[in-house]
2 protein chains.
Amino acid sequence: MALFLSTFINRIDKKGRVSVPASFRASVSAQAFNGVVLFRSHAHACLEGVDYATMEELSGRLDAYDFLSSDQDDLATSIFGEAVQLTFDGDGRIVLPADLIAHAGLGDQVAFVGMGRKFQIWNPDHYKARRDEARQHVFEKGLTVPRRPDGDKGGRD
Amino acid sequence: MALFLSTFINRIDKKGRVSVPASFRASVSAQAFNGVVLFRSHAHACLEGVDYATMEELSGRLDAYDFLSSDQDDLATSIFGEAVQLTFDGDGRIVLPADLIAHAGLGDQVAFVGMGRKFQIWNPDHYKARRDEARQHVFEKGLTVPRRPDGDKGGRD
DNA sequence: AAAATATCCATGTTATACCATATGTATAGG
DNA sequence: CCTATACATATGGTATAACATGGATATTTT
């Protein structure tokens with residue numbers, strides 16, 4: 001299992017600890033780093049989560065830019081400077097830093113929303129509105145999943 | 001773990017000593033040289049930091065220029081000529097040379113900003129402005145991380 | 001000898017690894 | 001078909017270790 005699927009609501013305690021859904025943990029269990037990487041979403045009041053391998057892949061793709069170029073600098077600052085890597089404790093929990101909790105407006109409950117290669121962390125109340133909005137956009141604009149890109153070998157896992 | 005991630009604020013004492021964040025130290029621990037390489041940023045009032053292996057790779061990239069070309073000469077001078085190797089002491093600290101402290105306008109606190117394969121060292125106050133600027137550039141220019149480069153096998157898992 | 005550099009030690013704070021308990025779900029038995 | 005039990009997950013609390021930081025001592029350099 002490599003994909004983040006479905007939505008889970010978990011509690012967050014006073015110290016910012018929260019259990020990562022077991023199925024999400026299974027999705028990153030093949031990694032060397034036992035945990036996830038989080039950063040603030042630029043588009044929404046939520047957090048984005050990926051596995052460590054995804055960060056490595058992003059780093060590799062950034063090499064397409066010249067070293068020391070200003071575009072590479074802007075991207076690297078925005079992506080890597082703000083990211084935090086959070087290790088699972090023995091029971092599969094992570095501790096959310098206070099500034100990330102603030103950015104997402106999290107209370108005592110958080111929603112883990114699977115989005116395939118990544119996942120998002122929401123205040124459950126805010127997420128409902130976001131979900132309806134997303135559905136509405138897909139319907140109004142008639143959005144579809146694009147066909148496979150040329151170079152993609154299309155591994156079905 | 002080879003990536004520099006996240007931002008850390010550490011104190012600098014009167015002698016210019018500062019702790020390198022533990023996770024950054026872990027990122028260079030595979031190297032033979034127990035320390036980091038720093039040089040002045042050309043674009044900003046900050047310092048750039050890499051591990052020794054990256055310097056070797058940069059050297060390889062510069063081979064793209066013709067040997068004895070003036071461009072290669074300029075780059076090699078400003079990168080390799082200015083670079084300093086700083087060894088960790090027993091507690092993971094380095095001593096920042098006075099001219100580098102001056103260039104970055106460092107006070108009693110420094111921000112280590114992870115940027116993937118490299119990191120930057122900032123005056124924390126200046127960095128906040130820089131972070132916002134970078135985000136703005138990414139948004140205005142619509143910068144994205146490019147698709148996989150040609151040679152990239154792009155293995156996930 | 002003086003200054004600069006490196007090594008060592010000691011301490012407070014913070015994070016995290018560990019343990020113990022609850023809750024919910026699936027399974028098996030009556 | 002309902003109930004009891006066992007398993008897996010989630011949650012709450014505590015102790016230990018790692019880290020950052022300040023200071024002191026030794027070593028080298030000029």
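The values are calculated or read from the model by the stated rules, or taken from the named source; none is laboratory data. Since the model is a prediction, treat every value here as computed from it, not as a measurement. Cβ: placed from backbone, ideal geometry, glycine included. Neighbour counts: every protein chain shown.
Listing for the model above:
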read-out: Pick from the range B:11-28, criterion within 14 Å of another protein chain (Cβ to nearest Cβ) and surrounded by fewer than 15 Cβ atoms within 10 Å (Cβ to Cβ), ranking: nearest to DNA strand C (Cβ to nearest atom); value: B:A22
read-out: Candidates A:R148, A:R61, A:R131, A:R93, filtered to the one that is more than 16 Å from DNA strand C (Cβ to nearest atom) and away from chain B (no Cβ under 14 Å); value: A:R131
read-out: Count - residues of the range A:91-103 that are among the small types (G, A, S), in contact (Cβ under 8 Å) with a residue 24 or more places away in the chain and loosely packed, with under 14 Cβ neighbours inside 10 Å; value: 1
read-out: Residues of the range A:38-56 that turn out to be crowded, with 19+ Cβ neighbours inside 10 Å, within 14 Å of B:G116 (Cβ to Cβ) and more than 7 Å from every other protein chain (Cβ to nearest Cβ), as a count; value: 3
read-out: Conditions (1) in contact with a Pro (Cβ under 7 Å, 6 or more places away or on another chain); (2) under 19 Å from A:S70 (Cβ atoms); number of the one not met by B:D74; value: (1)
read-out: Unmet requirement for A:V84, which otherwise passes all of (1) more than 30 Å from B:A43 (Cβ to Cβ); (2) within 13 Å of chain B (Cβ to nearest Cβ); (3) in contact with a Ser or Thr (Cβ under 6 Å, 6 or more places away or on another chain); value: (1)
read-out: Condition broken by B:V36, with the remaining ones in (1) within 16 Å of DNA strand C (Cβ to nearest atom); (2) among the aliphatic types (A, V, I, L, M); (3) not in a strand (DSSP E or B) satisfied; value: (3)
read-out: Members of the range B:57-88 that are within 22 Å of B:V113 (Cβ to Cβ) and not hydrophobic (A, V, I, L, M, F, W, C); value: B:E57, B:S78, B:E82, B:Q85, B:T87
read-out: The lone exception for B:D73 - which of (1) assigned to a helix (DSSP H, G or I); (2) surrounded by 16 or more Cβ atoms within 10 Å (Cβ to Cβ) it fails; value: (2)
read-out: Count of residues meeting criterion [within 14 Å of chain A (Cβ to nearest Cβ) and within 15 Å of DNA strand D (Cβ to nearest atom)] in the range B:111-128; value: 8
read-out: Top-ranked residue in the range B:76-127 [being in a helix (DSSP H, G or I) and among the hydroxyl-bearing types (S, T, Y); ranked as modelled with the highest pLDDT]; value: B:Y127
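Quick grid of which residues meet (1) within 16 Å of DNA strand D (Cβ to nearest atom); (2) free of Cβ contacts under 8 Å to residues at least 12 places away in the same chain; (3) buried (at least 17 other Cβ atoms within 10 Å of the Cβ):
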residue	(1), (2), (3)
B:S6	yes, no, yes
B:I9	yes, no, no
B:Y65	no, yes, no
B:F80	no, no, no
B:G105	no, no, no
